[in-house]
Amino acid sequence: MAYLSIKNVHKVYPNGTHAVDNFNLEVEKNDFVVILGPSGCGKSTMLRMIAGLEGITSGEMILDQKKINGLSPKDRDIAMVFQNYALYNHMSVYDNIGFSLLVRKKNRRIVHEKVLNASSIVQITDDQLKRKPDQLSGGQKQRVALGRTITRDTKLFLMDEPLSNLDAKLRGSMRVEIMELYRTCGLTVVYVSHDQIEAMTMATKIVLMNKGVIEQIGTPQYIYDHPANLFVATFLGTPQINLIPGEVKEGKFIHPQFEIELDQYKTSTNDRVFLGIRSEALEIVSENGDFEIAIDYVEFLGAKSIVYGFLDQTGVAVQTKERVADSEKCQVKIHKNKVVLFDAKTTRALEEERI
């Protein structure tokens, strides 16, 4: 049985808004699950329901073989890191970290040991322990919030967009620190984010939501390579996945400018599809390309460049390490085993066949 099991959970507000629709998820011990999606998709609502800060309309949640639906937040043995850190500005950093233990009337010596241990793990100095939170930087406040969470020694850690208030460089370093913390302390984490980079670099499992519904669950690599529908395909990846309209007849993709054989779709026939292909699965070649694009501009990114161009009226992005001049045409080759076909009407990915 899963460590955290969420079954058929719905959240409907009094005004009729269905914020979460039939949410099902199994989290194993030591998982790092990222609930990912655009603003307003229901991901933070779901996290708050796990924490007990919001009630559920229907369904059930079981943590470590114990039903937690009707339990208050303090009885769920769950710790949460909030987006705005939720620190007490009138208390020292030391007292903030040890506060939850003092509330539970833990021995002062134990509290002191746990505070110092947590401070060491999240790299909070003795000097910073004496300060008030408003005397710290954003990154230091985040470390305090994490330190306070560690002292709880709870069954489950919830994190609600904890890095969204930090600048890009600090977000990168804090991602590394959170992952080190996760691995060294053997945590089980459910993490909410709208940032695909956080999800792709941190998660053992991604839950991608849209409009209150789970679109797909899987490892970052699997969802990236095998998106279930157009929403998933376009939400993950920078630049966005290329979508070339056409039709497929018995495994042959047909566009007015080119045709290619796709063995993995050898029995598929559909008169309206999109050929989905990531920019890194396209290659600029000097001859014998699958199609030609008129280059619009080239985005230089140091070790690589992104070439943006047009195939008729369809925008195409190609990742390359080669130097490519602006304002010219170039041949592009498709890595056929990286193609995903989508039904233009249903937006679902067509089923692939074993090659």
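Anything in the stretch 150-161 that is over 13 Å from the mean Cα position of the chain (by Cα), more than 11 Å from residue 33 (Cβ to Cβ) and surrounded by 19 or more Cβ atoms within 10 Å (Cβ to Cβ)? List them, or say none.
150, 151
Taking residue 277, is it buried (at least 19 other Cβ atoms within 10 Å of the Cβ) and closer than 22 Å to residue 251 by Cα?
Spelling it out, residue 277 is indeed buried (at least 19 other Cβ atoms within 10 Å of the Cβ) and closer than 22 Å to residue 251 by Cα.
Looking only at the stretch 306-353, which residues are aromatic (Phe, Trp, Tyr) and either in contact with a Pro (Cβ under 9 Å, 6 or more places away or on another chain) or in a loop (DSSP other than H, G, I, E, B) (or both)?
Answer for the stretch 306-353, where residues must be aromatic (Phe, Trp, Tyr) and either in contact with a Pro (Cβ under 9 Å, 6 or more places away or on another chain) or in a loop (DSSP other than H, G, I, E, B) (or both): 308, 342.
Taking the stretch 148-172, which residues are in a helix (DSSP H, G or I) and either of a type in the set (Lys, Arg) or modelled with pLDDT of 85 or more (or both)?
Keep residues of the stretch 148-172 that are in a helix (DSSP H, G or I), which gives 148-152, 168-172.
Scanning the stretch 148-172 gives 148, 152, 169, 171, 172.
Quick check on residue 122: is it assigned by TED's automatic domain parsing to the domain that holds residue 191, within 24 Å of residue 50 (Cβ to Cβ) and in contact with a Lys or Arg (Cβ under 6 Å, 6 or more places away or on another chain)? Working first, answer last.
On the way: assigned by TED's automatic domain parsing to the domain that holds residue 191: yes; within 24 Å of residue 50 (Cβ to Cβ): yes; in contact with a Lys or Arg (Cβ under 6 Å, 6 or more places away or on another chain): yes.
So residue 122 fits the description; yes.
Identify, from the list 78, 56, 50, the residue that is in contact (Cβ under 8 Å) with a residue 24 or more places away in the chain, farther than 15 Å from residue 159 by Cα and among the hydrophobic types (A, V, I, L, M, F, W, C).
Answer to the check: 56.
Taking only the stretch 282-305 into account, find how many residues are over 14 Å from residue 333 (Cα atoms) and in a loop (DSSP other than H, G, I, E, B).
Residues in the stretch 282-305 being over 14 Å from residue 333 (Cα atoms) and in a loop (DSSP other than H, G, I, E, B): 4 in total.
Quick check on the stretch 81-129: of everything there that is of a type outside the set (A, V, I, L, M), out of contact with any Gly (no Cβ under 9 Å at 6 or more places or on another chain) and touching a residue at least 60 places away in the same chain (Cβ under 8 Å), which residue is nearest to residue 141 (Cα to Cα)?
It comes out as 84.
Show the residue pairs that are 6+ apart or on different chains and have beta-carbon atoms under 6 Å apart, the first residue being within the stretch 157-172 and under 28 Å from residue 76 (Cβ atoms) and among the polar types (S, T, N, Q), the second being surrounded by fewer than 18 Cβ atoms within 10 Å (Cβ to Cβ) and at pLDDT below 90.
164/83; 165/138
For the stretch 176-277, give me every one of the strands (runs of 3 or more DSSP E) that falls completely inside it and has 2 or more residues that are within 13 Å of residue 36 (Cβ to Cβ) and either in the same structural domain as residue 114 (by TED's automatic domain parsing) or modelled with pLDDT under 95 (or both).
Counting at least 2 such residues, we get 189-193, 205-210, 213-218.
Taking the stretch 156-171 only, how many residues are of a type outside the set (D, E, K, R) and under 28 Å from residue 26 (Cα atoms)?
Total meeting the criteria: 7.
The values are calculated or read from the model by the stated rules, or taken from the named source; none is laboratory data. As the structure is a prediction and not an experimental result, all values here were calculated from the model. Every residue, glycine among them, receives a Cβ derived from its backbone with ideal geometry; neighbour counts consider all protein chains shown.
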